[in-house]
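Values quoted throughout were computed directly from the atomic coordinates according to the rules given, and no laboratory measurement underlies them. It should be emphasised that the depicted structure is a prediction, and the values quoted were computed from it without experimental measurement. Reconstructed Cβ throughout: ideal geometry from the backbone, glycine too, with neighbour counts over all protein chains shown.
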């Protein structure tokens, strides 16, 4: 079996900010080998889909969850735990959008999927004037400034949706941009010394350059040494680029974290934006394998029940 998996995220417009980001995907084996099957679109939990569930902060979360986080979201959380954590971090008025598709090639066997991904976004917005601004409308809203956006991938069979990828992006307003070095120091303090750093002073758009960092861990949560043969396979699982929620993963790799700080074009000492991405590769690999097996069983059980019901409902006459 090929132990690498890749994915192109369903929410192409979802961004990632100051902490971490990630995305999930189909298998290189059965799913990505060309059978063309895609995840069926099922009905998401309404409470998750619109964030209407009563919000209690701090949210009730299991105490046994450990390891790095992005605004309190850790891999292994249930979809409800991750959503409540994101809503508490961004505020009760933040917009919530959920989807029931994340893996781009997945045989569902006719099983209706629950919430597979959600995005929480806060900033300035108002009701959209569809006659004049229809091209700028997003869900009936026109956004003036998006301060923060968090996307979480929660793949899993019904009732077993689990947060395994997180993306976050913060975009700072004029007069509120923090010092670049202070952000870099805070990230190192939070995640430890990165194995990989990349600096660019090439202007791009409104930015005067970027500062990138990457952390690569083994399954036990220990930083992987660059001399380790697994290092080359485990690095590069996610990208901390705004709007990029693609990912790939290998069985045998642990947590992957990447961050990118964009320098202000007006003052390179200030940060105009910071994005982060986080993905647990082995846990995601195991989750996708288990999810596919359970969907197969659920689908077969449904078909068997339909055959039995049809047999009991009427006589066959030839």
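In what sequence do 109, 191, 206 fall when counting other Cβ within 10 Å, fewest first?
Final ranking by Cβ density, sparse to dense: 206, 109, 191.
Based on the Cβ-Cβ distance of residue 57 and residue 198, what FRET efficiency does E = 1/(1 + (r/R0)^6) give at R0 = 22 Å, to the nearest 0.05? Walk me through the intermediate numbers first.
Numbers: r = 36 Å, r/R0 = 1.66.
According to the calculation, E is roughly 0.05.
Expressed as a whole number of Å, what is the distance separating the alpha-carbon centroids of region 110-167 and region 215-250?
26
What is the distance in Å between the Cα centres of region 294-314 and region 256-288?
Taking the Cα centre of region 256-288 as reference, the centre of region 294-314 is 45 Å away.
Across every pair of different alpha-carbon atoms, what Kirkwood hydrodynamic radius in Å does region 179-247 reach? Before the final figure, lay out the partial values.
Working: mean 1/r = 0.0727 Å⁻¹.
Computed over Cα pairs of region 179-247, the Kirkwood hydrodynamic radius comes out at 13.8 Å.
Using a Förster distance of 22 Å, how high is the FRET efficiency between residue 93 and residue 137, based on the Cβ-Cβ distance and rounded to 0.05?
On the way: r = 19 Å, r/R0 = 0.86.
Step by step, r from the Cβ atoms, then E = 0.70.
Would you mind putting 192-205, 111-124, 137-150 in packing order, based on average other-beta-carbon counts within 10 Å, highest first?
Numbers: 192-205: 12.1, 111-124: 21.6, 137-150: 16.7.
For the peptides 192-205, 111-124, 137-150, the packing ranking is 111-124, 137-150, 192-205.
Starting from the exponent 0.38 and prefactor 2.2 Å, build the expected Rg for region 216-318 from its residue count and divide its actual Cα Rg by it. Show your work: numbers first, answer last.
Values: Rg = 23.7 Å, N = 103, 2.2 N^0.38 = 12.8 Å.
Normalised Cα radius of gyration, region 216-318: 1.85.
Cα-based Rg of region 72-121 per 2.2 N^0.38 Å, rounded to two decimals? Provide the component values of the computation, followed by the final result.
Details: Rg = 12.6 Å, N = 50, 2.2 N^0.38 = 9.7 Å.
Taking N as the residue count of region 72-121, the ratio is 1.30.
Hey, rough spin-label estimate for residue 306 and residue 227, points 7 angstrom out along Cα→Cβ, what's it come to in nanometres?
5.9
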